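Below is one structure, written out as structure tokens, with a few remarks after it.
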Amino acid sequence: MGAFSRDWWRLSWVWLVDPAHRSPPGRQVLFRSSIRVAALSLMLGVGALSLTLSIFSGFYRTWSQGVADALGHVVIDTDWRTRAELRDLVTHFPRGVQRVETFWNSQGLLVGKDGGRGVLIEGRGELAAADAAPSESTPDVQLKLGAPLAEYLGVEAGGTVRLLLPGVIERAVEARISDLVRYGMYDVDSRYALVDDASFAAWASVHDPEVFARRPGDARGLRVFFDPAVIDPLDVEKVEAWRTGFRAAIQDTEWSFETTTRTWREQRKNAFGGMDLDRQLLTIVIGLLTIVAAFNVVASLVVLFTERDREMATLVGLGLSRGAFTLWTGTLGLIMGFFSSLAGIFVGWGLGRLLQMSPLGALPAKVYNVERLPLAFVWTEQLSILGFGTLCAWLAAVILGWSLARMDILRVLGHRG
Amino acid sequence: MEVEPTPPLAAEILLDARGLHKTYRGGGEELRVLRGADLQLRKGDFVALLGNSGSGKSTFLQCLGLLDHVEEGEILFGGREISRLGEGDRADLRLRSIGFVFQFHHLIPELTALENVLLPSSLAGRRDKAWALELLRLVGLEDKVARYPWQLSGGESQRVAIARALVNRPTLLLTDEATGNLDRPRAQEIVDIFAKINQNFGTTILSVTHDEGLALKYGRRLRLKDGIVGEWTGD
Ligand SMILES: Nc1ncnc2c1ncn2[C@@H]1O[C@H](COP(=O)(O)OP(=O)(O)O)[C@@H](O)[C@H]1O
Ligand SMILES: [Mg+2]
């Protein structure tokens, strides 16, 4: 109660701001400069935390989006034979699906002008398309390649590459590169080789009817893409909810095939797991820096206390209780921590903007597969940084206040030998 | 409802200190400053406590004012044992019931005279500007309420400190060599103010002084010697 009195806070304000007309001539005011340095250091600490996390979230989001769009938001592995069966399965989908593609996978080899590379070839087709009928014409097998893979092979869009699918077809296929894609994650882009299933079926119907008759590849299934307006594919919980709904729906059906579902995160578990670990470590390291910075704020409170020790002892002598005293230092720490952290968030945000606009924000696409520094200023994340900075300063100030409140007032006031 | 009858004598006693002991230890030496000091103050008493330098007057007063702890003995204040209270209750008693004036005024330099006087009342949640101004008038500083302590003389600062000690209307005022830094006329003025406070408000006052001349202005004179309080005999 005492700590909330008007004059007490006015006095705190006077001490913090130290208007010259109130101070006796020649009074030392180290406190004001020390509080500035402390607030600045907390601000920079929080700024660093904020910037690092938003860069990290930026990469994370870019890569997640890339992986999700390349591999499908949810993958359903199921040993399907005809599209009709799959269309039946799709009727059990919960709401939110925009597009469904069929796929099969098979280990293959691509040989281009500059070299060859073994990759997992994927045949991808629209589920909506009719089951291919034997064709008379033999169009090229269409192939979509990740840009880094095409570069490695020495081929460009429009060119051809030899495709070997041992175990699927005996002979090599001359495939035409219809498109080069870049999803932003090297791990995906350097191995991305997508055969257009319709063109492959048409080709097989002429050159290898036996292959045409069965579904090729070792792994088969559906790649499900959500309508982002209904289900944000990066929202892990919503994706999980969809999967749960789907599993429940097919439980009571006649569907006779083994079916497993994987979300995009699970498809690249290692990459995202590694990223999560990186993020955690970085957050811990910079979080520790922020704690140090918060203690700087408290160090400046120590300076305030050292400079004003006689007055504080006088106040305690006059009956300011230990609890009120602690409440006071705690509130000062809270206020300083909050505003310094808030400033730090703005600094982090501003620095991020600046970095994105400046040449420093341009990334070598060869290294990162992303051309500009991705930034995602996630509000919940930034709010927790703000809370963290404020909490550190508050906690440190409370600890300080509690120990300072135990001062020997008689000694401070010079009434003890 | 049944009301407990209060013994008439006990009602008159404000402070009853019994067998106070205090020993300073340090550097392997023991200094037994208080050795069973007793003191009884009635409501409205106006008492001077004399004693040689180093006899333990300040120690005694600080223990009574809950600025320090006794090792043995008890202090009854208004019939309530207060020497073993927790820190929060001690602070509350210092804030509301026991005023203390040191030899040095210990005013907050960044606050004006009036703000300094108001501070304890504000801390106690009963800020009363009119009363603070009245107290400043009582100590003769009505025209200097907006001055900062460093714009006041030593005697004037001490008078502000007295007004501050009184702002929460304590029943007991303890002063420790409050006139020690002042010249004779200034010191006389201060003691006159104490007398006025004692008469106007009925505040019980215990003043430590080593000035026997000033002590004569008080209603009762005690002496602290060998760690025990006795009547001052004037030798
Ligand atoms: N904190 C302390 N530690 C050790 N000795 C002390 C302390 N405070 C006071 N003393 C000693 O105790 C004795 C009494 O001191 P004090 O109460 O200040 O006497 P007075 O006020 O009568 O001059 C003195 O000898 C003094 O040196
Ligand atoms: Mg003394």
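Per-structure values
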read-out: Complete set of residues in segment B:58-92 that are of a type in the set (A, V, I, L, M, F, W, C), touching a Lys or Arg at 6+ places or on another chain (Cβ under 9 Å), surrounded by 18 or more Cβ atoms within 10 Å (Cβ to Cβ) and more than 18 Å from A:Met312 (Cα to Cα); value: B:Phe60, B:Cys63, B:Val70, B:Ile75, B:Ile82
read-out: Number of the condition not met by B:Leu214 [criteria: (1) within 22 Å of B:Lys57 (Cβ to Cβ); (2) in a helix (DSSP H, G or I); (3) within 13 Å of chain A (Cβ to nearest Cβ); (4) in contact with a helix residue (DSSP H, G or I) (Cβ under 7 Å, 6 or more places away or on another chain)]; value: (3)
read-out: Out of B:Glu74, B:Glu4, sole residue that is more than 25 Å from B:His210 (Cα to Cα) and modelled with pLDDT of 95 or more; value: B:Glu74
read-out: Any chance A:Ala299 is within 14 Å of another protein chain (Cβ to nearest Cβ) and in contact (Cβ under 8 Å) with a residue 60 or more places away in the chain; value: no
read-out: Sole exception among (1) within 16 Å of ligand 2 (Cβ to nearest atom); (2) closer than 20 Å to B:Asp16 by Cα; (3) more than 16 Å from the chain's Cα centre (by Cα) for B:Asn52, by number; value: (2)
read-out: Residue in segment B:50-72 that is more than 15 Å from B:Leu173 (Cα to Cα) and more than 16 Å from ligand 1 (Cβ to nearest atom) present; value: yes
read-out: Qualifying positions in segment A:17-40 - away from chain B (no Cβ under 11 Å) and assigned to a helix (DSSP H, G or I); value: A:Leu30, A:Phe31, A:Arg32, A:Ser33, A:Ser34, A:Ile35, A:Arg36, A:Val37, A:Ala38, A:Ala39, A:Leu40
read-out: Test for B:Phe60: is it aromatic (Phe, Trp, Tyr), modelled with pLDDT of 95 or more and more than 13 Å from ligand 2 (Cβ to nearest atom); value: no
read-out: When residues of segment A:372-385 are limited to those that are within 27 Å of A:Phe339 (Cα to Cα) and crowded, with 19+ Cβ neighbours inside 10 Å, the one nearest to the other protein chains (Cβ to nearest Cβ); value: A:Ile385
read-out: Number of the condition not met by B:Phe102 [criteria: (1) in contact (Cβ under 8 Å) with a residue 60 or more places away in the chain; (2) more than 16 Å from ligand 2 (Cβ to nearest atom)]; value: (2)
read-out: Where A:Leu42 falls short, out of the listed (1) in contact with a Lys or Arg (Cβ under 6 Å, 6 or more places away or on another chain); (2) closer than 28 Å to A:Gly352 by Cα; (3) hydrophobic (A, V, I, L, M, F, W, C); value: (1)
read-out: Residues that are within 16 Å of ligand 2 (Cβ to nearest atom) and at pLDDT below 95, drawn from segment B:182-211; value: B:Leu182, B:Ala187, B:Thr209, B:His210, B:Asp211
read-out: Helices (runs of 4 or more DSSP H) wholly inside segment B:77-138 containing at least 3 residues that are at the interface with chain A (Cβ under 8 Å from one of its Cβ atoms); value: B:87-96, B:113-123
read-out: Every residue from segment A:21-43 that is surrounded by fewer than 19 Cβ atoms within 10 Å (Cβ to Cβ) and more than 30 Å from B:Leu152 (Cα to Cα); value: A:Arg36, A:Val37, A:Leu40
read-out: B:Thr233 being part of a loop (DSSP other than H, G, I, E, B), within 16 Å of ligand 1 (Cβ to nearest atom) and more than 14 Å from every other protein chain (Cβ to nearest Cβ); value: no
read-out: Qualifying residue in segment A:162-182 (condition: more than 16 Å from A:Asn105 (Cα to Cα), in contact (Cβ under 8 Å) with a residue 60 or more places away in the chain, touching a helix residue (DSSP H, G or I) at 6+ places or on another chain (Cβ under 9 Å) and outside any strand (DSSP E or B)); value: yes
read-out: Filter result for A:Gly47 (more than 26 Å from A:Ala343 (Cβ to Cβ), more than 14 Å from every other protein chain (Cβ to nearest Cβ) and part of a helix (DSSP H, G or I)); value: no
read-out: Answer residue from segment B:65-76, given it is among the charged types (D, E, K, R) and part of a loop (DSSP other than H, G, I, E, B) and is nearest to ligand 2 (Cβ to nearest atom) among those; value: B:Asp68
read-out: Failed condition for B:Ile197, given (1) under 29 Å from B:Trp131 (Cα atoms); (2) more than 14 Å from chain A (Cβ to nearest Cβ); (3) assigned to a loop (DSSP other than H, G, I, E, B); value: (3)
read-out: Residues located in segment B:139-152, provided they are touching a residue at least 12 places away in the same chain (Cβ under 8 Å) and away from chain A (no Cβ under 13 Å); value: B:Val139, B:Gly140, B:Leu141, B:Lys144, B:Val145
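The values are calculated or read from the model by the stated rules, or taken from the named source; none is laboratory data. Quantities reported herein were computed from a predicted structural model and do not represent experimental measurements. For neighbour counting, all protein chains shown are included, and Cβ atoms are generated from backbone atoms with ideal geometry for every residue, glycine included.
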